[in-house]
Amino acid sequence: MDHFRNPRNVGEIPDADGVGTVGNPVCGDLMAMYIKVKDNRIIDIKFKTFGCGAAIATSSMTTELAKGKTLEEASKITRADVAESLDGLPTQKMHCSNLAADALKAAINDYLEKKKVKK
Ligand code: FES
C-alpha cells in the first residue's frame, strides 16, 4: 500500500538510454519504463503507469530493485521477486506484476538495440 500511495521514481526521463512500453493483455493497462545506463549499470530509472493499484506498486518496487544494478542483474528480476519484495500480492493481482518486469526488460532490450545500431 505504501508503494501505491507513495510510488517511487514516477515520471519520465526525457533523454533516456532505453524505453520499454508494454500493455497488459489481461486488463488493457499500460506502462512505460525509462532507464539511464552508465558503465553497464542502471543509474536512473522512472516509470509511468496507467493501471491499477497493484500495477503502480509493482512498478515502484521494480524501479527500486533495478536501480544501481547491472543490466544482467536487472534483467533477472522476476515478477515473483517483485511480489515478494512487496510482501506478497493477492493471487488475482499477480498478473499485474508481469507488467513491471516486462517493461524493465523491454527498456533494457531497447538500450541494447540502440547500442548495437550505434556500433
Ligand atoms: Fe491491470 Fe493490474 S489490473 S495491471
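The values are calculated or read from the model by the stated rules, or taken from the named source; none is laboratory data. Note that the structure is predicted; figures quoted are calculated from it, not measured. With ideal geometry, Cβ positions are generated from the backbone for all residues, glycine too; neighbour counts draw on all protein chains shown. Accessible surface areas use protein heavy atoms only, side chains included; no ligands, DNA or RNA. Shrake-Rupley method; radii C 1.70, N 1.55, O 1.52, S 1.80 Å.
General remarks:
- Reported count of residues in segment 9-52, each being at pLDDT below 95, assigned to a loop (DSSP other than H, G, I, E, B) and open to solvent by 40 Å² or more (accessible area, probe 1.4 Å), is 4.
- From the list ALA57, ALA100, ALA66, ALA107, the lone residue that is surrounded by 20 or more Cβ atoms within 10 Å (Cβ to Cβ) and in contact with a Ser or Thr (Cβ under 7 Å, 6 or more places away or on another chain) is ALA100.
- The set of residues from segment 11-45 being hydrophobic (A, V, I, L, M, F, W, C), away from the ligand (no atom under 16 Å from the Cβ) and within 30 Å of GLN92 (Cβ to Cβ) comprises VAL19, ILE35, ILE45.
- Test result for ASP102, within 10 Å of the ligand (Cβ to nearest atom) and of a type in the set (D, E, K, R): no
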